[in-house]
Each structure stands twice: as C-alpha cells, then as structure tokens.
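Here is the structure we will look at.
The values are calculated or read from the model by the stated rules, or taken from the named source; none is laboratory data. Quick caveat, the model's predicted, so the values are computed rather than measured. Cβ placement follows ideal geometry from the backbone for every residue including glycine, while neighbour counts extend to all protein chains displayed.
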Amino acid sequence: MTQTTAATDTRPRESGPRGSRLPEIPGPGETFARAWKALRRMSTALKLLLALTVAVILGTFVPQEPVIPTTVAEWRLGTSGPGEATAAAFDALGLFDVFGAWWFNALVVLLVTSLTGCLVPRIRAFVRTARRRPAAGRNLARLTHHVELRTPLPPGEALDRAETAVTRRRFRRRRIAADDAPGGAAQLATERGHAREGGSIAFHISFYVLVTGAMIGHTFGFTGQVNVVEGASFADTRIAYDLAQPGRWFPFAAHRGFVVELEDFSASYLETPSGTDPGAEAPGDLVTGGALSTFMPTDFSSRVTISEGGEVVREEEVRVNDPLSHDGVSLYQVRFGLAPQIEVRTTDGTVLYTDSVILTEAGGFVWQGVAPVARTEVDRQVALELILLPDAGFNEQGLPVSRSPEPRNPRLAAVVWVGELGLERNRPPSEFQRDRGQQLPQPVILELGETAQVQGLPLEIEFTGLPYWSGFQVSQEPGRWVLLAGAGLMLIGLVPSLYAYRRRVWVEAHPDGEGSRVVLAGVALHRKGVFAEAFEGLADDVAHRLGAVEAPAPEPHLETTERKA
Amino acid sequence: MADPQLAASSNSLFNLAFVSYIVAMAVYFFRLAFTRVSVVGVPKATRAGSVAGAMATMLATGGALVHLASIVTRGMAADRWPWANMYEYSSILAWGAVVFGLLVVQRRWGYGHLMGFVLAGAVLSMTSALLLFTEAGPVVPALDSYWITIHTSAAMVASSIFIVAFVATALYLVKDTAERRVARSDAEYGGSTVGAAQLPRAPARHEGSGGPRPEGYTDPSAGSGGDAEAYASPLAQREALSPVAFPLVPLVVVAAFVLIVWRDPVATLIAGSAAALLGTATWYAVPYLPPAAKLDALAYRIIAFGFPVWTFAVMAGAIWAQEAWGRYWGWDPKETGSFFTWLLYAGYLHARSTRGWRGRGAAWIGVLAFVALMVTYYAVNLFIVGLHSYAGV
C-alpha cells in the first residue's frame with residue numbers, strides 16, 4: 001500500500017498548483033477510489049471483523065430489547081442494572097438493540113462490501129487458474145524437492161508409468177512432447193490442490209447464501225404465537241394469532257386455513273425433595289411444614305388434530321424438540337399453563353361470563369390472570385383478577401403457597417373489581433384501569449367445583465374446571481432450505497480451504513542409452529511440511545513403478561536445499 | 001431414575017482420574033526440566049527425562065481411561081448422554097483435551113514435552129467441574145433430543161481442541177517474547193548478557209528453526225561434553241523474562257475468575273496458587289520450549305482442526321434451536337457468545353495470512369478467542385439470563 005501512495009503522490013495533480021505547499025485535497029472520485037482500495041485490503045476486513053465482534057459482545061452483555069424486554073424496561077427505570085443515566089446513554093447508542101441498530105447494519109454492509117471487493121477478483125483469478133492446464137516445469141533440478149532416477153524403460157513408457165502413479169493421487173495431468181518442453185525432453189506436468197482456493201471461495205460465498213436465506217424468511221415468512229385451551233381450536237388465519245409477525249411481503253393467501261384442535265395436554269415433572277421433612281407430602285392437606293420440593297418438567301406434550309374442510313386429516317403429538325409440520329406450516333410447542341374454567345352468574349341465574357381464563361405463571365407455582373366479566377356498561381364494568389394455587393398449602397409463616405406446579409389441590413382466589421375499567425379498549429384484559437376501578441374488600445376463594453357468592457354484588461362465581469392451555473408458535477419458513485444449503489456450502493468449503501494445498505509435480509524423461517533418465521520434481525504453495533512427506537512417498541512409488549534406481553549424483557545438493565525449507 | 005450407586009462410582013472414578021492427571025502433570029514438568037535444547041531448537045530429553053516422559057504418558061493414559069469410565073458410568077447412572085450440565089461438560093472438556101494432547105500433540109506431532117501444560121488445562125477444567133458439581137439426574141425437555149448428541153458433542157470436541165490450542169498460543173507468545181528480548185539485548189550489547197557471562201563461547205544464538213546450520217555444526221546433545229554453548233541462548237531467554245510477572249499474571253486472572261464465579265475465598269486461594277505455580281513453571285520452562293515459529297505453527301494447526309468442528313457445532317445449534325424453539329437464530333446470549341467466539345477464531349485464521357498481523361497479532365486474537373470461548377461457556381451459563389440458562393450449572 002505504501003508503494004501505491006508514493007506512486008499517486010508523485011503524479012501531477014489538477015487540484016493544486018504545482019509546487020504548492022498547501023495540502024492536496026483529493027476530489028470526490030479520488031476519495032472514493034481510495035476508500036474502495038482501503039476497503040478491499042485484508043487488514044481492513046480484519047479490523048471490520050474485530051469491530052463486529054465487539055458489537056456482538058456488547059449485544060451479549062447488554063440485555064437486548066427484542067430478547068428480554070422486561071429486563072431492559074427495568075434498566076431504563078433504574079430498578080436494576082447500572083442506573084438510569086447509563087441506560088439513557090445505552091439507549092442513545094442503540095445498545096439495547098445492537099442487532100437492529102443502524103451502526104451494526106452499517107458495519108455488516110461495510111464488511112459485506114469489503115468481502116465482495118476481495119472476492120470478485122479472487123473468483124476471476126480462480127476461474128482463470130482452474131481452467132489453465134498444468135504448466136510445463138523449467139529447471140527441475142533446482143527445485144527443493146527433486147529426485148533423479150535411472151530406468152531401463154524408454155522415455156514414453158517411463159512417463160506412462162509415472163502418470164499412473166500421479167493419476168492414483170488425483171493430480172491433473174498434461175503430457176508435453178519433447179519438442180515443446182522447455183527442458184528439451186518429454187515432460188509430464190501435473191498439478192493438484194485447487195480445492196483450497198475453491199473451498200475458500202465457497203466458504204465466503206456461503207455468507208451471501210445465508211444472508212439471502214435469512215432475508216427470504218424475514219420477507220416472505222410468517223411467525224405467530226397462539227395459546228389454546230384443551231378442547232379448543234384455532235384456524236391458521238391471521239386473526240387467530242395472539243401475536244403475529246408476518247414478513248413484509250407475506251401474502252394473506254398463504255395462510256392455509258386448516259383448523260388445529262388441542263385434544264389434550266399433559267405435563268410431567270420430576271420432584272426432588274429439597275427439604276428435610278419427607279412427611280409433608282400428603283396432597284389435600286392444607287397445613288404442611290418443611291421446605292418445598294423442586295420440580296423439573298421432564299416432558300410436556302400436546303395432542304392435536306388437524307382438520308381441513310371439517311375432516312380430521314392428522315392426529316399427532318407435539319412436544320418440545322418434536323414439532324409438527326403440515327402443508328408447509330410448522331407448529332412448535334413453546335409454553336403451557338393452567339386455564340381455570342369459571343362461570344359468573346347473577347343471583348337470578350343469568351350467565352354473565354363462562355370461559356377458561358389463560359393464566360401466566362407469576363413465580364413460585366402461582367398463576368395469575370384477569371377475566372373480563374362484564375364490559376357492556378362502560379362505567380360499571382366487572383373484572384376478576386384470578387390467582388391460582390395449583391397445589392395449595394401454607395408455609396411456616398402461615399402464608400398461602402403452592403407446593404407444586406401440578407394441580408393436586410387447586411385453590412382459585414378471585415379479586416373482584418368494579419367500575420370504569422376500560423375493558424372495552426382493544427387491550428389485553430390484564431391491562432385494565434386499576435386506578436379508575438374499585439376493588440371489593442373480600443376476595444372469593446374457591447375449590448374446584450365450588451360456587452361462592454360475591455359479597456357486596458349480586459353475583460356468584462363457580463370454578464367449573466381446570467384444563468391446561470398450550471402455547472404454540474406457528475411458522476412458515478420459506479428460506480429454510482436456502483439457509484441449510486448455505487450452511488452446507490460453508491462446511492464443504494471450509495474443510496478443503498484449511499487442509500487442501502496447491503502443489504505441482506513434474507516428471508521429465510530424457511533418453512539415456514537403452515533406457516532413460518527421469519527427473520521427478522515438485523513444489524508446494526502451502527503446507528510445505530506435509531508436501532515434503534507426500535513427495536517422498538510419490539518418489540518411492542514412481543521409482544518402484546519404473547523399476548528404477550536413484551541416480552547418485554545430486555544427493556548432497558538435495559540435502560542442503562531441503563534444510564533451508 | 002438416577003442410579004445412586006453408579007453415580008457414586010462415577011464420582012470416585014472422577015477423583016481418581018483427577019489425581020492421576022495432577023501427578024502426570026507434575027511428572028511431565030519433571031520431564032520438561034530434564035530436556036536439553038540445542039541451538040537449533042531441537043528438544044531432547046535426557047535419560048531421566050525419557051523415563052519421566054514414559055511414566056507421565058502412562059499416568060496420563062491411565063487417567064484418561066479411568067476418566068472415560070467415570071463419564072460412561074455417569075451417563076449410565078442418569079440414563080442419558082453424560083453432557084447435560086456444566087459439571088459433566090467441564091469433565092468431558094478435560095478428558096477431550098487430554099486425549100487430543102496424547103494422540104495428536106504427543107503421538108502424532110511429537111510435542112510430548114508440552115503435555116504438562118495441556119494437563120494443567122485439563123486439571124483446571126476438572127477443578128471447575130468439581131466446583132460446579134451436580135448430582136446425576138434427568139434433563140428438561142428442551143435438552144431431551146438427539147441433537148444433544150450432535151450439537152453438544154461437537155461443541156465439546158471443538159472446545160477441548162481449543163484448550164490445547166490456547167496452551168500452544170500462550171506458550172508461543174511467551175517464547176516469542178523471550179526470543180525477541182534476547183535478540184534485542186544481543187543487538188545492544190553485542191552478545192547475550194547473562195548467557196555470555198556464564199558461557200564465554202556462546203555461538204550463533206537465537207537462530208530458531210529457520211536459520212541454516214553453521215558449517216561443521218554437530219548436534220550438541222549428541223555428545224556428552226562440550227554442549228555448554230547449546231544452553232547459552234536458552235538460559236538467556238529465561239533471564240530475559242520477569243520471574244515476578246509470570247506467577248503474578250495467572251494468579252490475578254485465575255483468582256479474579258474464581259472469585260467472581262464462585263465467591264469462595266478458599267477456592268480462590270487454591271486456584272490462584274496453582275495458577276501462580278503454573279506461571280512459574282512456564283517461566284522456568286521457557287528455554288525448553290520449541291522455537292516460537294514452531295509453536296506458532298502448532299497453534300495454527302490445532303485451531304485449523306478445531307474451527308470447522310466449532311462451525312458445525314454452531315450450525316447444529318441453530319438447527320436444534322429451530323426444532324426446539326421454532327427459530328434458528330434469536331440473538332440469545334449463548335448464540336451471540338458462540339458467534340463472537342467463532343468470529344474471533346475466524347479472525348485468527350485470517351490474521352495469520354494478513355501482513356502486519358502475522359505472528360503476535362494473530363496470536364493475541366487467538367488468546368482473545370479462547371477468552372471468548374470461556375466467557376461463552378461460564379459467564380453466559382452462570383450470569384446472563386437467556387434461553388440457555390435453563391442449562392444452569
């Protein structure tokens with residue numbers, strides 16, 4: 001590079017008068033040319049790669065909004081993390097969403113430009129060299145690796161036999177007649193190891209394939225989240241999903257419209273008693289002592305049926321690590337929970353609300369959710385805030401706890417809210433306006449199958465059932481095969497780019513009395529140590545095939561040259 | 001589900017392997033101390049060294065077999081593949097490093113005298129396994145897939161290879177520094193200061209492997225007497241390095257790491273002292289190390305070996321994530337961690353063929369890459385909340 005700069009400096013410039021001491025200001029064209037040249041340099045690419053690494057490291061250690069939004073919100077509020085001011089600075093720098101930040105994308109674009117700038121000339125050069133037939137060798141006796149043999153065979157025959165040896169080693173070959181050869185003797189020129197550069201190019205091209213695959217998925221794919229209670233169903237249409245992330249050009253018509261019904265759901269846990277009191281196990285017994293056991297889910301699965309046009313076409317289990325694919329749509333088991341079924345009636349028997357309420361885990365096996373009971377009269381709405389203890393008991397302080405995640409002894413507590421709760425808004429019921437409503441002082445506590453009156457309101461609540469709900473992710477991934485192809489190409493390219501090496505071997509046969517004098521010589525561009533061994537093996541093989549003896553003369557010469565390498 | 005008797009025997013086999021690795025490490029270092037290095041940098045063990053080397057090899061091989069038995073019984077006890085938590089993973093990393101060291105570094109490439117350092121890496125990994133001990137048990141559904149054999153085993157193979165690569169890279173940096181300092185002091189004073197004072201007939205120094213042998217040169221380790229000149233440069237190399245920094249730097253790094261991860265002062269003290277001892281051993285061993293150029297080549301060969309495996313591990317992880325969570329890449333901390341580790345090793349491979357970065361620059365990227373690997377493994381599992389944190393310890 002220093003050479004190039006020197007060359008441009010001595011050239012007369014149009015921008016400044018000759019002999020001027022003013023610094024020369026390069027024009028926009030020249031600036032661009034220089035930037036392009038700099039971008040194509042390997043060291044620039046390396047620095048960009050390291051900068052990208054730093055960005056990824058930042059994205060690992062700073063919580064990322066798309067991955068864990070709650071933690072980010074806490075950092076912004078200053079309730080956790082390094083404090084509000086730092087969080088504000090992080091926000092300004094886009095550190096809470098590194099992988100979506102403009103500077104990250106700019107870095108990627110620069111790196112891809114740099115890669116393209118390096119790759120295009122390399123591909124051209126590679127195509128040129130790969131097409132070229134092996135070149136004739138000159139001054140073979142001067143090469144580091146060379147052997148002279150004497151054989152009773154005539155030159156043509158000797159070259160034929162040597163050719164079998166190199167053919168077995170999968171070298172490309174070219175025979176050069178004595179008249180055309182630089183050494184004046186018939187020659188066999190061979191070459192191998194284009195796989196190194198080819199592999200390296202394939203490895204780098206695979207990035208474009210991977211990026212293309214990811215883009216196809218992002219643009220034409222679809223991801224939706226849906227929670228279904230046991231016995232309920234959903235259809236693959238846009239409105240069915242609680243959270244839909246269609247790609248920019250995902251067509252509406254690409255929804256398949258089949259109906260998925262959750263027949264039932266099962267979860268099993270491994271219970272490890274962590275306390276010292278093994279007698280605290282009796283289910284149904286409310287008062288227990290001792291520490292709680294730890295529970296680890298060992299398996300959870302949903303049995304679903306898929307119907308098309310009212311007919312069941314498939315019935316299958318979906319579990320983690322075992323998704324269901326139907327008609328190009330994949331159904332993944334991602335989460336699950338409990339959905340208590342309640343019925344709310346007025347005291348005269350009119351049913352106000354009957355549904356299963358999808359609860360989410362609030363920690364410690366306690367489940368929470370909100371049932372919007374009455375929303376028609378805007379200023380007199382009723383909502384139930386539900387708290388479910390699947391396996392209710394009391395801890396040592398006498399506070400209610402759930403002792404396990406399994407619904408062994410469920411208790412449902414319903415806190416009744418009345419007032420202008422804003423339930424009519426297009427928001428999840430759990431976000432009702434607590435500040436405008438009024439909470440009834442006494443929560444209703446129910447066992448499964450029990451009915452209770454609400455104190456202060458003419459309502460009764462019945463806890464009718466406790467099914468599970470199952471959360472699925474439904475995806476269409478049109479770029480999937482492109483991604484897999486890219487990954488395959490990367491691995492296929494990577495291995496030869498590290499292990500293959502280019503080397504050339506020549507065999508020259510001079511007529512020598514009855515037989516011939518054969519010179520075998522070789523040179524390697526990479527992995528010279530490996531080639532040294534391979535060449536020895538080849539030389540032995542050729543000598544054996546020619547029935548030859550090694551010519552003694554050049555031996556000492558060979559020794560000294562080899563030591564230098 | 002878990003068989004307590006098998007689990008207990010797995011633990012005792014682990015302890016036995018741990019002890020034999022420590023003893024083997026000590027004997028390997030003993031062997032290193034009984035090595036002579038000629039001017040051209042050919043290490044050759046003395047008789048005591050050869051005996052020690054054979055003993056150490058036997059000990060390490062035996063330890064690896066016992067360790068394998070421990071891993072297998074652990075898997076049988078839990079009735080699954082034995083690499084589902086950090087204890088098991090760290091244990092297998094150590095085993096992989098020892099096996100790779102014995103088969104490839106010692107047997108195939110003939111660098112047996114570096115095995116003490118490889119074993120030190122394995123012992124550290126096993127110590128972390130002990131600190132992260134978990135009883136044998138089943139796994140959460142997300143881990144219960146045939147992909148655990150593919151993705152996790154590939155990650156383990158690559159990581160053990162990278163442990164060995166780090167040993168070579170670190171030794172290269174040490175040796176290279178020593179060679180450079182000796183060369184500089186030679187240039188300044190017209191001779192190796194310490195070496196020349198001790199041995200006035202010091203011949204061509206610090207030529208490394210690249211230089212041609214002088215005419216009429218005979219291998220000094222071949223003869224019994226008159227090989228004093230062979231030591232001139234190597235001893236100067238040791239003198240050129242600070243005997244304080246060598247135990248101090250590993251002490252601080254390892255102690256800080258243990259203190260942050262486990263918050264246990266006793267473990268910190270023990271690990272710190274072990275690291276300090278290791279640092280001193282490295283300082284003492286500098287003259288016996290192969291020339292820097294050879295160590296550099298060794299590190300490159302090992303990383304070139306591990307990189308495709310790591311690439312495959314990351315890819316298999318993406319495919320598994322697709323099966324388990326419905327997306328192949330979600331910028332989860334473990335994913336980004338494995339990605340920046342990959343980027344750094346890719347950077348190392350590129351740096352080695354970039355002007356201005358070859359040698360020390362590339363080696364430092366290699367060191368960073370290993371640090372990234374450790375961060376991805378320990379920090380992301382233990383401190384950062386993400387999808388992989390179900391793996392816990």
> (1) surrounded by 18 or more Cβ atoms within 10 Å (Cβ to Cβ); (2) in a strand (DSSP E or B): which one isn't true of A:Gly198, the others all being true?
Replying inline: (2)
> Hey, does the stretch B:273-295 have a residue that's within 11 Å of chain A (Cβ to nearest Cβ) and touching a residue at least 60 places away in the same chain (Cβ under 8 Å)?
Replying inline: yes
>> I'm checking my understanding of the structure. Among residues of the stretch B:362-378 that are within 13 Å of A:Leu49 (Cβ to Cβ) and more than 8 Å from chain A (Cβ to nearest Cβ), which one is surrounded by the fewest Cβ atoms within 10 Å (Cβ to Cβ)?
In response: B:Leu368
>> Exactly one of these conditions fails for B:Phe29: (1) modelled with pLDDT under 95; (2) within 28 Å of B:Phe133 (Cα to Cα). Give me its number.
In response: (2)
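Give the residues of the stretch A:470-493 that are farther than 30 Å from A:Ala195 by Cβ and either in a loop (DSSP other than H, G, I, E, B) or facing chain B (nearest Cβ under 10 Å) (or both), sorted by residue number.
The first filter runs over the stretch A:470-493 and keeps only residues farther than 30 Å from A:Ala195 by Cβ, leaving A:470-478.
Hits for the stretch A:470-493 are A:Phe472, A:Gln473, A:Val474, A:Ser475, A:Glu477, A:Pro478.
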> Do you know which residues across the stretch B:311-328 are more than 7 Å from chain A (Cβ to nearest Cβ) and either within 13 Å of B:Ile150 (Cβ to Cβ) or part of a helix (DSSP H, G or I) (or both)?
Replying inline: B:Ala313, B:Val314, B:Ala316, B:Gly317, B:Ala318, B:Ile319, B:Trp320, B:Ala321, B:Gln322
> Residue check, A:Ser293 against (1) of a type outside the set (Asp, Glu); (2) within 30 Å of the chain's Cα centre (by Cα); (3) within 14 Å of another protein chain (Cβ to nearest Cβ), all met but one. Which one?
Replying inline: (2)
>> When the residues of the stretch A:494-515 are narrowed to those that are within 20 Å of A:His145 (Cα to Cα) and assigned to a strand (DSSP E or B), which ends up nearest to the other protein chains (Cβ to nearest Cβ)?
In response: A:Arg503
>> Condition first: within 14 Å of chain B (Cβ to nearest Cβ), of a type in the set (Gly, Ala, Ser) and either over 21 Å from A:Arg122 (Cβ atoms) or touching a Phe, Trp or Tyr at 6+ places or on another chain (Cβ under 7 Å) (or both). Now tell me which residues in the stretch A:29-59 satisfy that.
In response: A:Ser43, A:Ala51, A:Ala55, A:Gly59
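Could you list, in sequence order, all residues of the stretch A:130-159 that are among the charged types (D, E, K, R) and either surrounded by 15 or more Cβ atoms within 10 Å (Cβ to Cβ) or in a loop (DSSP other than H, G, I, E, B) (or both)? Explain how you work it out, then say what you get.
First, the residues of the stretch A:130-159 that are among the charged types (D, E, K, R): A:131-133, A:138, A:142, A:148, A:150, A:157.
Scanning the stretch A:130-159 gives A:Arg132, A:Arg133, A:Arg138, A:Glu148, A:Arg150, A:Glu157.
Report whether or not A:Arg517 is buried (at least 20 other Cβ atoms within 10 Å of the Cβ) and in contact with a strand residue (DSSP E or B) (Cβ under 6 Å, 6 or more places away or on another chain). Spell out how you get there, then give the answer.
Working: buried (at least 20 other Cβ atoms within 10 Å of the Cβ): no; in contact with a strand residue (DSSP E or B) (Cβ under 6 Å, 6 or more places away or on another chain): yes.
No; evaluated as a whole, the condition is false for this residue.
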>> Looking at B:Phe307 and the list (1) surrounded by 23 or more Cβ atoms within 10 Å (Cβ to Cβ); (2) aromatic (Phe, Trp, Tyr); (3) more than 8 Å from chain A (Cβ to nearest Cβ), which single condition is not satisfied?
In response: (3)
> For the stretch A:292-372, list the strands (runs of 3 or more DSSP E) that sit wholly inside it and hold at least 3 residues that are surrounded by fewer than 17 Cβ atoms within 10 Å (Cβ to Cβ); which are they?
Replying inline: A:294-308, A:311-319, A:351-356, A:360-363
>> Given (1) closer than 28 Å to B:Ala183 by Cβ; (2) in a helix (DSSP H, G or I); (3) facing another protein chain (nearest Cβ under 8 Å), identify the lone condition not met by B:Tyr300.
In response: (3)
